[in-house]
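Here's the structure, in structure tokens; my notes come after.
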Amino acid sequence: ENAIIPINVGSSPLAFSPTEPYAVVAGRDETNEFSGLRLWDMTNAQYVWEDIVRQRVETVAFAGDGKQVAMGGYLPFFPGNGQAAQKAYSLIVWDVENHAALQTISMPDDFKTVPIAFVALSQDGQLAATVARVNDETQILLVWDVVSGAERWRVTDFAAPINAIAFNPNGRTLAVAL
């Protein structure tokens, strides 16, 4: 049976679990420093748990096994010398069952203040991918080792703007939609 289940969260990012009837939603607070996470049971529109992550979440995606969620977002920071606050972007990989961060990966210095447009996790949650974008001409695709937090590789030369990314269930192929 088809249904529309309204969840009043404003314009917050959300993602559906590929294995359970759940959706994770990242709400925003007024300070831009925290996001309220809720795991919703979509069979009854009730939330299973809620927690807080210290990051302004802008994009979310489940791993293929439904056990982890990747979140791309930022925290404000002050560079000093009277300059206005800037945004430092990072990737957080979250354990759904224990609702706790498994890994926080800061974007490399050359893309530290560039917004994360998309995130993806491999089937087993061992690899993560992020797309950071200044504009349609300046974007970077980064692939990360989730356990170590190390950058595995990057690509910066694309013929068109990236519109989506997703790992194949085998975990060895990353699709990039242009």
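The values are calculated or read from the model by the stated rules, or taken from the named source; none is laboratory data. Note that the coordinates shown come from a computational prediction; the quantities given were computed from them, not determined experimentally. So basically every Cβ, Gly included, is an ideal-geometry build from the backbone, and we count neighbours across all protein chains shown. We work out accessible area using only protein heavy atoms, side chains counted, and drop any ligands, DNA or RNA first. Shrake-Rupley method; radii C 1.70, N 1.55, O 1.52, S 1.80 Å.
Data table
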item: Listed residue (104, 79, 169) projecting farthest to the positive dipole end of the range 47-178, Cβ model; result: 79
item: Accessible surface of the chain [probe 1.4 Å, protein heavy atoms]: carbon and sulfur percent; result: 48 percent
item: Placed amide H near residue 102: partners under 5 Å, 5+ positions off or other chain; result: 93, 94, 95
item: Longest DSSP-loop-exposure-free segment, GluC sites (Glu not before Pro), the chain, at most 16 other Cβ within 10 Å; result: 34-96
item: For the chain: relative contact order, % (alpha-carbon pairs under 8 angstrom, 6 or more apart); result: 13 percent
item: Calculated from backbone phi, Karplus (6.51, -1.76, 1.60) coupling profile of the range 13-28 in Hz, x at Gly/Pro; result: x, 8, 8, 8, 6, x, 10, 10, x, 10, 9, 9, 10, 10, x, 10
item: Max mean-square fluctuation residue, GNM over the chain, Cα-Cα springs under 10 Å, options 38, 154, 28; result: 154
item: Residue 81-residue 101 FRET efficiency (beta carbon distance; Förster radius 22 Å; 0.05 resolution); result: 0.10
item: Candidates 80, 66, 125: whichever shows maximal mean-square fluctuation once the chain is modelled as a Gaussian network with Cα springs under 10 Å; result: 80
item: Average accessible surface area per residue within the chain, 1.4 Å rolling probe, Å²; result: 54 Å²
item: Extension gain (nm, one decimal) between residue 152 and residue 126, 0.36 nm per residue minus Cα-Cα; result: 8.2 nm
item: Accessible area (Å², 1.4 Å probe, nearest 10) - residue 48; result: 80 Å²
item: Extension reserve of the residue 112-residue 164 stretch, reckoned as 0.36 nm per residue once the Cα distance is removed; result: 16.7 nm
